[in-house]
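Data first, discussion second: the structure below is written as structure tokens.
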Amino acid sequence: MSKILYVQTDKNVKVTKETVLLGDIAKLSSADAKVLQRNQCRKVVSLAKGKYGRYVVSAMDLIKEIEKEEENVDVTHIGEATFVITYENPNAKSSVISWVKTILISLVTFFGTAFSIMTFNTDVSVAKLFRQIYHMFTGGKSSGFTILEITYSIGIAIGVIFYFNHFGSRKLTQDPTPMEVQMRLYEDDVDTTIIEKDERRNKKSCGSNS
């Protein structure tokens, strides 16, 4: 009776070694503990040492590697048929560089947001509108620093906090922030583009050989 090995692959996995084991890039499940243990440590991909980047891998190649050594095991694949391996340098991470990037992104975000708010206020003449409202209700002349401007400024700050779902290091809810959603969409688009580009290149090479 043949044994079943379930192999689940995600769209993008990260590795830090040139020798990639099946357990590094896929989630495995089997009722037979020995089959599971053998395949967790099975070498399936060899990357060029030091050539860090993204590599496209087909799940069919993984299945072929397993079937070479496991004649009595039926492999059932779940997940992405083609996925990306991101080969990273484990020693490349620097706390100084990370802090510099964080500060730069924070400055760009802060001044970009401030500029957007100022251009919006100028475009719709918020200051003029507040002066008219103040004169309408009080009959006096606005100094430009009244309860309207104060509450408007506080409201913008509160709105930004609730929109980005963050106050300092704390999240207000468990939902992902808009920034996290956009980053996830960007990562998915990058992975899809890399996979499609690799598939086109393979089709061209097959066409030139025929």
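The values are calculated or read from the model by the stated rules, or taken from the named source; none is laboratory data. The structure displayed is predicted, hence computed values, not measured ones. Cβ atoms come from the backbone with ideal geometry, glycine included; neighbour counts cover every protein chain shown.
Things to note:
- Selection status of LYS14, surrounded by fewer than 15 Cβ atoms within 10 Å (Cβ to Cβ) and over 24 Å from ASP191 (Cβ atoms): no
- Flag for ASP175 being surrounded by 10 or more Cβ atoms within 10 Å (Cβ to Cβ), of a type in the set (Asp, Glu) and not in a loop (DSSP other than H, G, I, E, B): no
- Residue tally, condition in contact with a Ser or Thr (Cβ under 7 Å, 6 or more places away or on another chain), crowded, with 17+ Cβ neighbours inside 10 Å and not in a strand (DSSP E or B), over region 70-95: 1
- Boolean, GLY140 is out of contact with any Asp or Glu (no Cβ under 8 Å at 6 or more places or on another chain), free of Cβ contacts under 8 Å to residues at least 40 places away in the same chain, assigned to a loop (DSSP other than H, G, I, E, B) and surrounded by 11 or more Cβ atoms within 10 Å (Cβ to Cβ): no
A quick yes/no check of all residues on (1) within 29 Å of PRO90 (Cβ to Cβ); (2) among the aromatic types (Phe, Trp, Tyr); (3) surrounded by 13 or more Cβ atoms within 10 Å (Cβ to Cβ):
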{"site": "LYS3", "(1), (2), (3)": "no, no, yes"}
{"site": "ASP10", "(1), (2), (3)": "yes, no, yes"}
{"site": "ASP24", "(1), (2), (3)": "yes, no, yes"}
{"site": "VAL35", "(1), (2), (3)": "no, no, yes"}
{"site": "GLN40", "(1), (2), (3)": "yes, no, yes"}
{"site": "LYS68", "(1), (2), (3)": "no, no, no"}
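- Restricting the first member to region 52-75 and to residues that are farther than 28 Å from LYS197 by Cα, and the second to residues that are surrounded by fewer than 17 Cβ atoms within 10 Å (Cβ to Cβ) and of a type in the set (Gly, Ala, Ser), the beta-carbon pairs closer than 8 Å and six or more apart or on different chains are ASN72/SER2; VAL73/SER2; ASP74/SER2.
- For region 183-201, the set of residues classified as over 21 Å from the mean Cα position of the chain (by Cα) and either surrounded by 12 or more Cβ atoms within 10 Å (Cβ to Cβ) or of a type in the set (A, V, I, L, M, F, W, C) (or both) consists of GLU199 only.
- The residue list GLU80, GLU70 contains one member that is more than 25 Å from VAL190 (Cβ to Cβ), of a type outside the set (A, V, I, L, M), touching a helix residue (DSSP H, G or I) at 6+ places or on another chain (Cβ under 9 Å) and assigned by TED's automatic domain parsing to the domain that holds ASP32, which is GLU70.
A quick yes/no check of all residues on (1) within 27 Å of TYR52 (Cα to Cα); (2) touching a residue at least 12 places away in the same chain (Cβ under 8 Å); (3) among the β-branched types (Val, Ile, Thr):
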| residue | (1), (2), (3) |
| --- | --- |
| ALA81 | yes, yes, no |
| TYR87 | yes, yes, no |
| ASN91 | yes, no, no |
| SER95 | yes, no, no |
| THR102 | yes, no, yes |
| SER125 | no, no, no |
